[in-house]
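Single-structure report; data block below.
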Amino acid sequence: MFVIKNSEQVALMKIAGRITAEALLVAEEAIRPGISTKEIDAKIHRYIIKSGATPTFLGYGGFPGSACISLNSEVIHGIPSDKKIVSEGDIVKIDVGARYRGYTGDSARTFAVGKVSDEALKLISVTEKSFFEAMKFAKAGFRIGDIGSAVENFVISNGFTVVRAYTGHGVGAELHEDPEIPNFGKPGRGVRLYSGMTLAVEPMVNAGVCDVKVLRDKWTVVTADGRLSAHYENSIAITDGDPIILTDINVG
Ligand code: MG
Ligand code: MG
């Protein structure tokens, strides 16, 4: 069952969300050819702790990093490693959450390293725009299926596919709360949205097939065909009007 947050809880989520967004900025500034994903993770970790929060992902289900850092054909859940070195032309997905006084943010971005392919640029742009297509339906009275179909239709119309095996989710005291928010669906179907719901909406978009697989490290999800994948996520609060983007540097 999903949880409705009161205004005090949403206020705490704004602070958690702001720190989460700032951690992504720290990562963006750190990303350059030659840096390891472990070094990026260390900078994120330091920033979150310095801000009086804790890294939600660290130890979650046994995850060994403060952020999931996924390169190129890696979709999500990449483990920071000193053996993974960022190169010119890569796309880097950073997914991170900061917990503040019991509430967590959850947000992801895809960054281009130097000059990347036209396909990579389009993939990053379409993924971000699909999130904002979904926001048109992220208000009280619409349903989860309206969000999913908005993402899916926009992505498909641009020649890409949505990952179906992983979804967005409610977020709050727990990193993953009900309801699930697939990046596909039928308009008018699924759980109804109410003011005070807090949700992580996160299109995961593949350049090729939608199929994914999990590597032997049991975490890293990769595209089945080895082509690129992009990710864009914000935590939001549902209202009777436009949603509040909680993972925003100007919000809390
Ligand atoms: Mg996330
Ligand atoms: Mg999430």
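The values are calculated or read from the model by the stated rules, or taken from the named source; none is laboratory data. A quick note: this is a predicted structure, and the numbers were derived from the prediction, not measured. Cβ atoms come from the backbone with ideal geometry, glycine included; neighbour counts cover every protein chain shown. Note: accessible area is taken over every heavy atom of the protein model, side chains too, but ligands, DNA and RNA are not part of it. Shrake-Rupley method; radii C 1.70, N 1.55, O 1.52, S 1.80 Å.
Placing pseudo-labels 7 Å out from each Cα toward the beta carbon at Asp178 and Leu121 gives an inter-label distance of 4.5 nm.
With bins 10 Å wide beginning at 0, the percent of Cα pairs of the range 156-200 falling in each bin runs 24, 48, 24, 4. Annotation: per residue accessible area for the range 40-108 equals 37 Å², rounded to a whole number [probe 1.4 Å, protein chains only].
Sorted by accessible area with a 1.4 angstrom probe, largest first, how do Ser87, Ser73 fall?
Ranking Ser87, Ser73 by accessible area, largest first, yields Ser87, Ser73.
Sorted into 10 angstrom bins from 0, the C-alpha pair distances of the range 21-180 split as 10, 36, 36, 17, 1 percent. Using 0.36 nm per residue and subtracting the Cα-Cα separation, the extra length available between Arg101 and Asn250 on full extension is 51.8 nm. Based on the Cβ-Cβ distance from Asn6 to Lys83, what FRET efficiency comes out when R0 is 35 Å, to the nearest 0.05? The value I calculate is 0.15.
Normalised by the number of residues in the chain, the average gap of Cα pairs under 8 Å and 6 or more apart makes the relative contact order 24 percent.
By the scheme Lys and Arg +1, Asp and Glu -1, what is the net charge of all other residues having a beta-carbon under 13 Å from that of Thr54?
Values: positive: Arg46, Lys50, Arg99, Arg101; negative: none.
Once all neighbours under 13 Å are counted, the net charge is +4.
Quick check: at a probe of 1.4 Å, how many percent of the accessible area of the chain sits on carbon and sulfur atoms? That share works out to 52 percent. Between Val209, Val92, Val116, the residue with the greatest mean-square fluctuation in the GNM of the chain (Cα pairs under 10 Å linked by springs) is Val116. Within the chain, the selection of entire DSSP H helices by a Cα span of 15 Å or greater along the long axis and an average Kyte-Doolittle value of at least 0.0 returns 7-30, 118-135, 144-157. Using a 1.4 Å probe and ignoring any ligands, DNA or RNA, find the accessible area of Val162 and quote it in Å² to the nearest 10. Counting only protein heavy atoms, Val162 exposes about 10 Å² to solvent. Once all protein chains are placed together, Asp240 keeps about 120 Å² accessible to a 1.4 angstrom probe.
Quick check on my link table: of Lys115/Lys136; Lys38/Lys136; Lys93/Lys129; Lys93/Lys136; Lys129/Lys213, which ones sit more than 28 Å apart, alpha carbon to alpha carbon? Listed pairs above 28 Å: Lys115/Lys136; Lys38/Lys136.
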